[in-house]
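Contents: one structure, followed by commentary.
The values are calculated or read from the model by the stated rules, or taken from the named source; none is laboratory data. Since the model is a prediction, treat every value here as computed from it, not as a measurement. Using ideal geometry, Cβ is built from the backbone for each residue, glycine included, and neighbour counts are taken over all protein chains shown. Note: accessible area is taken over every heavy atom of the protein model, side chains too, but ligands, DNA and RNA are not part of it. Shrake-Rupley method; radii C 1.70, N 1.55, O 1.52, S 1.80 Å.
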Amino acid sequence: MSQKNSADLTQLRDQIDAIDTKIQSLIAERAGIAGLVAASKRHNKSAVYYRPERESQVLRAVKARNQGPLSDEVLVRLFREIMSACLAQQKPLKIAFLGPEGTFSEMATYRYFGHSVQAMPESSIDQVFTEVEAGVADFGVVPVENSTEGAVNNTLDMFMSSPLKICGEIDLPIHHYLMSKQQRLDDIKIIYSHRQTLAQCRGWLKSNAPDIETVAVSSNAEAARRAAYSEHAAAIAGQTTAALYGLHILHQQIEDQADNATRFLIIGNQLLAASGDDKTSLMIAAKDEPGLLYHILRPMNEQGVTMTRIESRPSKRKRWDYVFFIDMIGHVDDKPIAATLREIQRFTQQVKVLGSYPKSV
Ligand SMILES: C=C(O[C@@H]1C=C(C(=O)O)C=C[C@H]1O)C(=O)O
């Protein structure tokens, strides 16, 4: 390296050191102010420390200010971590997720809340709801739909009996990796994975491993654990799972749809104020009469409310009786949504607002 180059490098590093010093003192200043906000909330018994709607406003402002060179996604991640650390000064949030460690639900948990939380792996979706209902966890993270495979029925069905509210959502791109102790596909006799994952890789498996037995297990992480104990087994799981279980990656991104994504819900006890860009989820129990769907869709259309999703599930009360799950753009306090709700209530047995929450940032 020439002398000039080396002098340039020293100067650039000095600049970086000076900037780091400023960033550090600004982060400390921010943490101090967040601490003051928390102290002022302490005087008010009903105040809540964690405000998802406020945090999503902060993150949207970060995106709006961004002029590069870092991507929106990277900047949102950094600010998410700063807020997570500021909040944890009081007490880290406890977050129940569908475990074990290494699942996509765990990834969604850290992506949504940052790493300064106490993440609690649970054995089932039902158990995530139970821990939040009992107050053992502050919030829960559960999958609700996949872009290839559709609804996660278990999660939808839980809302029929649970009083919990939806406090947020996060879309996570999902890529699947084939991993094993073996280096070659020819040496594999059995492939383990979660049922949903196998379904998302159905085409790849048919073309590339038509003669290998596939076995559905309780989670992708459980699949990796089994592959780690067996000489001729492989697992399909997320990239980070391979390192966790000491497995080689044999094939990357084997999902049939390149833009495969799963949407997760954040569940908790809070009803949130509007963030300015929200969604509302409803559960509607039907009256057994003709034109029901019409009576749900008509007021939406009249009020100009956009529906983003509709699912129906058996009510489990009697045969061929259904419950509808509907997502719409807007907050329950918005006039068009409030008017839509009033109108739907006239024609249905029960309308339950599962929550109004900030759209995934
Ligand atoms: C600082 C506050 O409390 C918490 C911390 C936030 C932050 O670090 O920006 C934002 C919202 C709350 O989760 C607040 O309510 O403004």
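Each label point was placed 7 Å from the Cα along the Cα-to-Cβ direction; for ARG309 and GLU133 their separation is 2.1 nm. Computed over the alpha-carbon atoms, the chain gives an Rg to Rh ratio of 1.03, Rh here being the Kirkwood radius from the mean inverse distance.
Relative contact order of segment 104-252: 24 percent, from C-alpha pairs under 8 Å at least 6 residues apart in sequence. In the context of the full set of protein chains, segment 273-353 has a per residue accessible area of 55 Å² (1.4 Å probe). Ranking ILE249, ILE266, SER315 by Cα position along the charge dipole of segment 208-319, where only Lys, Arg, Asp and Glu carry charges on their C-beta atoms, puts SER315 farthest toward the positive end.
Under 15 Å from a label point set 7 Å out along the Cα-to-Cβ vector of SER124, the amide N atoms of segment 136-157 belong to 153-157. The 1.4 Å probe gives accessible areas that order ASP17, ASP8, largest first, as ASP17, ASP8.
Computing FRET efficiency as 1/(1 + (r/R0)^6) for SER161 and ARG298, where r is the C-beta to C-beta distance and R0 is 41 Å, gives about 0.90.
Taken along its three principal axes, the alpha carbon spread of segment 273-353 comes to 41, 21, 17 Å, from the longest extent down to the shortest.
Please list, or write none, the lysines whose alpha carbon is within less than 22 Å of the alpha carbon of LYS63, excluding same-chain residues fewer than 8 places away. Answer for LYS63, where 22 Å is the Cα cut-off: LYS22, LYS279, LYS359, listed by chain and number. Working ranking of peptides 336-344, 193-201 by packing, defined as the average number of other Cβ atoms within 10 Å per residue, highest first, is 193-201, 336-344.
Computed over segment 57-187, the P(r) curve from all C-alpha pair distances, binned at 10 Å from the origin, holds 11, 35, 31, 18, 5, 0 percent per bin. Peptides 109-117, 167-175, ordered by how many other C-beta atoms sit within 10 Å of their residues on average, highest first, read 109-117, 167-175. When each of the peptides 45-58, 255-268, 148-161, 215-228 is scored by how many other beta carbons lie within 10 Å of its residues on average, the order from highest to lowest is 215-228, 255-268, 148-161, 45-58. Counting every alpha-carbon pair across segment 177-251, the share separated by more than 17 Å comes to 30%. Using the Cβ-Cβ distance between GLN57 and GLN252 with R0 set to 35 Å, the FRET efficiency works out to roughly 0.45. Heavy-atom accessible surface of segment 81-217, averaged per residue, reaches 42 Å², computed with a 1.4 Å probe.
Here the chain exposes an accessible surface that is 51 percent carbon and sulfur, computed with a 1.4 Å probe and the other protein chains kept in place.
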